[in-house]
Amino acid sequence: SVMRCCFDMLEITTGAKIAAGVMAVLSILGSIYIAVRSNELYARTWEIVGWLGWFALQLVVSILVFVAVNKQRAPLIMPILVFNILAVIFSAFLFYQCLPVLFNPKVDAGSIAPLMLTLVVVSVLQVWFFTVFWNCYKHLKEIESAGVYGEV
């Protein structure tokens, strides 16, 4: 049986490719943003390099999803599963770091609220993507265990 996702509208492999594509595009846009705005962000060099490294890793694990689906190799999905877990943990950590600022009467809450909202949206997306990738992983494992390497 073919697993489905996205409200039963897509095959799980198609959904995984779309989610990976979205992540790849976001990583490219994030890298461009960091590169273009690095002078305005008042970030230290290691922070900029860290963000660029994070986005590069996101791009690589996203590409691996396409390879995994095309070659029907479930283990290649594992890096993006780990990445999604780390992304949610990292977002939660950043959100937690923002809380004291949000409730500080000396700081304009409007300056930190958009970041916090972005972190929540990113976390929800990462959890949703995780479920898509996890189901794709299980689907590819079924294909591998059945010994079927043709198109499903």
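Any residue at all in the range 95-112 that's more than 25 Å from Val36 (Cα to Cα), in contact with an Asp or Glu (Cβ under 8 Å, 6 or more places away or on another chain) and not in a helix (DSSP H, G or I)?
Scanning the range 95-112 turns up no residue that is more than 25 Å from Val36 (Cα to Cα), in contact with an Asp or Glu (Cβ under 8 Å, 6 or more places away or on another chain) and not in a helix (DSSP H, G or I).
Go through the range 30-47 and give me each residue that's in a helix (DSSP H, G or I) and surrounded by fewer than 18 Cβ atoms within 10 Å (Cβ to Cβ).
Correct list: Gly30, Ile32, Tyr33, Ala35, Val36, Arg37, Thr45, Trp46, Glu47.
Ala68: in a helix (DSSP H, G or I), in contact with a Leu (Cβ under 7 Å, 6 or more places away or on another chain) and either among the β-branched types (Val, Ile, Thr) or under 23 Å from Phe133 (Cα atoms) (or both), yes or no?
Yes: the conditions hold for Ala68.
Every residue in the range 113-152 that is in a loop (DSSP other than H, G, I, E, B) and surrounded by 14 or more Cβ atoms within 10 Å (Cβ to Cβ), please.
Here is the first cut: in the range 113-152, the ones in a loop (DSSP other than H, G, I, E, B) are 147-152.
Hit for the range 113-152 is Val152, nothing else.
Pick from the range 1-32 the residues that are hydrophobic (A, V, I, L, M, F, W, C) and in contact with a Lys or Arg (Cβ under 8 Å, 6 or more places away or on another chain): which of them is nearest to Gln58 (Cα to Cα)?
Restricting to residues being hydrophobic (A, V, I, L, M, F, W, C) and in contact with a Lys or Arg (Cβ under 8 Å, 6 or more places away or on another chain), the top hit is Ile12.
Restricting the range 10-62 to residues that are farther than 18 Å from Leu125 by Cβ, at pLDDT 90 or above and of a type in the set (Val, Ile, Thr), which is nearest to the chain's Cα centre (by Cα)?
Restricting to residues being farther than 18 Å from Leu125 by Cβ, at pLDDT 90 or above and of a type in the set (Val, Ile, Thr), the top hit is Val60.
Residues checked against (1) in contact with a Pro (Cβ under 9 Å, 6 or more places away or on another chain); (2) without any contact (Cβ under 8 Å) to a residue 24 or more places away in the chain; (3) of a type in the set (Val, Ile, Thr); (4) closer than 30 Å to Lys141 by Cα:
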position	(1), (2), (3), (4)
Met23	no, no, no, yes
Leu29	no, yes, no, no
Val67	no, yes, yes, yes
Lys71	no, yes, no, yes
Leu99	no, yes, no, no
Phe103	no, yes, no, no
Leu115	no, yes, no, no
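Among Gly50, Gly21, which is within 30 Å of Glu144 (Cα to Cα), in a helix (DSSP H, G or I) and not hydrophobic (A, V, I, L, M, F, W, C)?
So the residue among Gly50, Gly21 that is within 30 Å of Glu144 (Cα to Cα), in a helix (DSSP H, G or I) and not hydrophobic (A, V, I, L, M, F, W, C) is Gly21.
Here are the criteria: (1) farther than 16 Å from Ala20 by Cβ; (2) surrounded by 14 or more Cβ atoms within 10 Å (Cβ to Cβ); (3) among the basic types (Lys, Arg). Tell me which single one Arg73 does not satisfy.
Evaluating Arg73 over (1) farther than 16 Å from Ala20 by Cβ; (2) surrounded by 14 or more Cβ atoms within 10 Å (Cβ to Cβ); (3) among the basic types (Lys, Arg) leaves (1) as the failure.
The values are calculated or read from the model by the stated rules, or taken from the named source; none is laboratory data. Here the structure is a predicted model, which is why all the values come from computation and not from measurement. Using ideal geometry, Cβ is built from the backbone for each residue, glycine included, and neighbour counts are taken over all protein chains shown.
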